[in-house]
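To start, the structure itself, in structure tokens.
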Amino acid sequence: MMYNRRTALTMLTFLGDPNSELTKALDLELTDPGPVNVLGPGRCKRFAMHVVNGEIKAVNVSEGPGDPAGDKDPSASLADGIMATMK
């Protein structure tokens with residue numbers, strides 16, 4: 001079951017996906033054994049998504065060779081990274 005929380009005076013909506021249903025449907029499940037061994041299974045990749053009226057406009061995933069969790073360079077999924085796709 002999905003849930004969301006809106007914060008007053010913002011254009012952001014933060015979503016939770018406790019059963020990884022959306023994560024799997026979007027093919028954003030973190031499956032690399034390195035992070036999975038530390039964090040456990042069922043985790044999503046580090047990402048940001050721009051959605052307008054239910055339409056996905058952009059998905060930025062922070063991952064790279066040797067960095068499946070995006071720890072070394074999370075810039076794609078940070079605010080500046082996703083906002084760059086909105087121009």
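With a probe of 1.4 Å, find how much accessible area the chain has per residue, and write the answer as a whole number in Å². Can you show the working numbers first?
Numbers: 6570 Å² over 87 residues.
Here the per-residue accessible area is 75 Å².
Sorted by accessible area with a 1.4 angstrom probe, largest first, how do Phe14, Phe47 fall?
On the way: Phe14 135, Phe47 70 Å².
Correct descending sequence by accessible area is Phe14, Phe47.
For the chain, what % of the accessible area comes from carbon and sulfur atoms, probe 1.4 Å?
56
How much accessible surface area, in Å² rounded to 10, belongs to the heavy atoms of Val51 with a 1.4 Å probe?
70
Please state the relative contact order of the chain as a whole percent: Cα pairs under 8 Å, 6+ residues apart?
18
Need the full-extension length gain, His50 to Ser20, defined as separation in residues times 0.36 nm minus the C-alpha distance. One decimal, nm. Show your work: numbers first, answer last.
Values: separation 30, 0.36 × 30 = 10.80 nm, distance 1.90 nm.
Additional length available on full extension: 8.9 nm.
Please list, in order along segment 67-74, the HN-Hα scalar couplings obtained from phi with the Karplus expression 6.51 cos²θ - 1.76 cosθ + 1.60 (θ = phi - 60°), rounded to whole Hz, x for Gly and Pro.
Each residue's phi maps through the Karplus curve to give 9, x, 9, x, 5, 6, 9, x Hz.
So, in nm, how far is label Val36 from label Ala84 when the simple model puts each one 7 Å beyond its Cα toward the Cβ?
3.0
Can you put Ser77, Ser62 in order of accessible area, largest first, using a 1.4 Å probe?
Largest accessible area first, the list is Ser77, Ser62.
No solvent, one uniform scatterer per C-alpha: report log10 I(q)/I(0) for the chain via the Debye equation at q = 0.11, 0.14 1/Å, two decimals.
Values returned for q = 0.11, 0.14 Å⁻¹ are -0.33, -0.54.
Rank these residues by their accessible area, most exposed first, probe 1.4 Å: Asp67, Asp32, Asp17.
Listed by decreasing accessible area, they come as Asp32, Asp17, Asp67.
The values are calculated or read from the model by the stated rules, or taken from the named source; none is laboratory data. Because the structure is a prediction, the values reported are computed rather than measured. So basically every Cβ, Gly included, is an ideal-geometry build from the backbone, and we count neighbours across all protein chains shown. Surface areas here come from the heavy atoms of the whole protein model, side chains and all, with no ligands, DNA or RNA. Shrake-Rupley method; radii C 1.70, N 1.55, O 1.52, S 1.80 Å.
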